[in-house]
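The structure that follows is given in the form of structure tokens.
The values are calculated or read from the model by the stated rules, or taken from the named source; none is laboratory data. Note that the structure is predicted; figures quoted are calculated from it, not measured. Reconstructed Cβ throughout: ideal geometry from the backbone, glycine too, with neighbour counts over all protein chains shown. Protein only, heavy atoms only, side chains kept; ligands, DNA and RNA dropped before computing areas. Shrake-Rupley method; radii C 1.70, N 1.55, O 1.52, S 1.80 Å.
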Amino acid sequence: MAHEEIRQAYQMLGQEATAYDGMITCSTLFGRTICKLVWDMDKADNDRYLQLALAGIREDFAGKLLEVPVGTGVLTMPVYQKLKNSDVTCLDYSTEMMATAQKRAEKFGLRQVRFVQGDVGGLPFENGSFDVVLSLNGFHAFPDKGAAYRETFRVLKPGGIFCGCFYIRGETRRTDWFIRHFYEPKGFFTPPFETAASLKKRLENFYANVTLDTVKSMACFCCRKGESRK
């Protein structure tokens, strides 16, 4: 998606939200400081990786979309405001994070969005339930990454799109150092972590078409599921 309106919404939400949200959107003084210190990113880098991560969602999308994890909803509620004819399911393991996302959805008047508490390693949906599966900043935290890859593939329809972003190692030494010494010990991120090469190979084992870009230590991907499993 494109999206000056969405960038403006991120700016507005970041100014009124938590430190976490300000960091994710690079929209507060604290958030910009962390983005630069840990991720070596400025606001332009932040906007670019989010745009790449959302590239698989058409502006006129009117199908069924699963977002996992939804987190606080700071990145996606402005997007869903533009997708009035879609059917969106937001899933997260954390009821606290999801409660914040629900409040945001109510604020935006998003009646097409529903929330489900659950685990990405065992998604409570039938095979081929969704036209798009979106995962922003989730896979680096999932403890069972193999199950997460299998489950997001399973619930996607043939021809459907899997897109999103997450941390990969080996791109920015400063970021790798912070992840190893701070994020891992606190349990925010869970190894093992992909590299750009390993992620592309893994996605190509599942999907017929894979596009992968990197912005500093963030991998942004857009994949299309084939008509049948390889």
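Where only protein heavy atoms count, and the probe is 1.4 Å, what is the accessible area per residue for the chain in Å²? Provide the component values of the computation, followed by the final result.
Numbers: 10620 Å² over 230 residues.
Heavy-atom accessible area per residue stands at 46 Å².
Provide the percentage of antiparallel DSSP beta bridges, counting only those with both residues in the chain; round to the nearest 5. Walk me through the intermediate numbers first.
Numbers: 14 of 32 bridges.
Just about 45 percent of them are antiparallel.
Hey, another quick one. Placing +1 on the Cβ of each Lys and Arg and -1 on the Cβ of each Asp and Glu in the chain, which of 168, 181, 75 has its Cα farthest towards the positive end of the resulting dipole?
168
Right, something else. Checking the a/c ratio against 1.5 first, then a/b against b/c, what shape does the Cα gyration tensor give for segment 126-179? Intermediate values should be presented prior to the final figure.
On the way: a/c = 3.77, a/b = 2.37, b/c = 1.59.
The shape class here is prolate.
Mind checking which lysines have their C-alpha under 23 Å from residue 225, skipping anything on the same chain fewer than 8 residues away?
Of all the lysines, those that pass the test against residue 225 - Cα under 23 Å, at least 8 places apart if same chain - are 64, 145, 157, 200, 201.
Carbon-plus-sulfur fraction of the accessible area of segment 26-65, 1.4 Å probe, in percent?
Values: 1090 of 1890 Å².
After summing per-atom areas, the C and S share lands at 58 percent.
Which semi-axes, in whole Å and largest first, does the equivalent ellipsoid of the chain have when worked out from the alpha carbon gyration tensor as the square roots of 5 times its eigenvalues?
On the way: eigenvalues 117, 99, 54 Å².
Over the Cα atoms of the chain, the ellipsoid semi-axes are 24, 22, 16 Å.
Take residue 94, project a point 7 Å from its Cα along the Cβ direction, then tell me which residues of segment 186-210 have their backbone nitrogen under 14 Å from it.
186-190
³J(HN,Hα) across segment 37-46 via Karplus (A = 6.51, B = -1.76, C = 1.60, θ = phi - 60°), whole Hz, x for Gly/Pro?
Each residue of segment 37-46 in turn: 5, 8, 9, 6, 10, 9, 4, 5, 4, 4 Hz.
Related question: Can you give the translational diffusion coefficient of segment 128-230 in µm²/s, computed by Stokes-Einstein from the Kirkwood radius over Cα pairs at 37 °C and 0.692 mPa s?
Details: Rh = 14.0 Å.
Answer, rounded: 234 µm²/s.
Moving on. Report, to the nearest whole %, how much of the accessible area of segment 118-225 belongs to carbon and sulfur atoms, 1.4 Å probe, protein only. Could you put the intermediate results ahead of the total?
Values: 2350 of 4690 Å².
The computed percentage sits at 50.
Sequence-distant or interchain residues sharing an amide H contact under 5 Å with residue 215, placed H: which?
Amide H neighbours of residue 215: 220.
Separation of segment 182-230 and segment 88-134 by C-alpha centroid, Å?
After rounding, the separation between the Cα centres reads 21 Å.
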